[in-house]
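Since the structure comes first, as structure tokens, the remarks are kept for the end.
The values are calculated or read from the model by the stated rules, or taken from the named source; none is laboratory data. Keep in mind it's a predicted model, so treat the numbers as computed, not measured. In this analysis, Cβ positions are derived from the backbone assuming ideal geometry, glycine residues included, and neighbour counts consider all displayed protein chains. Heads up: the accessible areas ignore ligands, DNA and RNA and are worked out on the full protein's heavy atoms, side chains in. Shrake-Rupley method; radii C 1.70, N 1.55, O 1.52, S 1.80 Å.
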Amino acid sequence: KGVNLLRMPLGMERRKSNTTKFNKKKVITWKIELCFHTPTAHTTSSTGDNCNDDGSKEHIIPKMLKVESQMSETSTLSEELGKHLDVHPGNSTIRSQLRSFANVPRDKLILFLKRLPCSSAAPQYYGLDRDATLGENLNGKTVIEFPTIDVVLEEDREKYPLFIGELY
């Protein structure tokens, strides 16, 4: 399907938690992590969940991790964001936690995928198209077990250096 999938050794937490499946219709249903990075202008501390594929601690800005255990490669990233940011019965707590993302137009949300392999001291990112399918966004990229997608507001874009050749 055009994705270079790297597997972790047996027993590693990322491998144990992977729910990605390849079904009989030859469609991949991915587990994905959406890592929402709280805008720096709205915070004073820099503690947060670890959202790095390589397990390194990164404390640029606070983060909130949302996990989707079954996202079809034919679904768009915008549809997935809508599950967490749009008004739906039963998601008021999540929307409240993500209000800085829910209250802005979708075109102000920037999506990144960390380039792998990459130095943890100088990470590089691929810009993702929120209106393209997950499969289209992952085509030609390397993923460890399942993708972790960084979601940031446009104002924090410069904290995520793009891979050489990527234009945004």
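Tabulated results
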| read-out | value |
| --- | --- |
| Answer residue from the stretch 64-94, given it is of a type in the set (D, E, K, R) and either in contact (Cβ under 8 Å) with a residue 24 or more places away in the chain or outside any helix (DSSP H, G or I) (or both) and is most open to solvent (accessible area, probe 1.4 Å) among those | Asp86 |
| Those residues of the stretch 139-168 which are out of contact with any helix residue (DSSP H, G or I) (no Cβ under 9 Å at 6 or more places or on another chain) and at pLDDT 90 or above, in sequence order | Asn139, Gly140, Lys141, Thr142, Val143, Thr148, Asp150 |
| For Ser120: the one exception among (1) hydroxyl-bearing (Ser, Thr, Tyr); (2) open to solvent by less than 60 Å² (accessible area, probe 1.4 Å); (3) in a loop (DSSP other than H, G, I, E, B) | (2) |
| Residue list for the stretch 133-149, restricted to those being in contact with a strand residue (DSSP E or B) (Cβ under 7 Å, 6 or more places away or on another chain), closer than 19 Å to Gln70 by Cβ and part of a loop (DSSP other than H, G, I, E, B) | Phe146, Pro147 |
| Some residue of the stretch 95-107 being open to solvent by less than 10 Å² (accessible area, probe 1.4 Å) and closer than 16 Å to Ala132 by Cα | no |
| Flag if Leu10 is modelled with pLDDT of 90 or more and touching a Lys or Arg at 6+ places or on another chain (Cβ under 7 Å) | no |
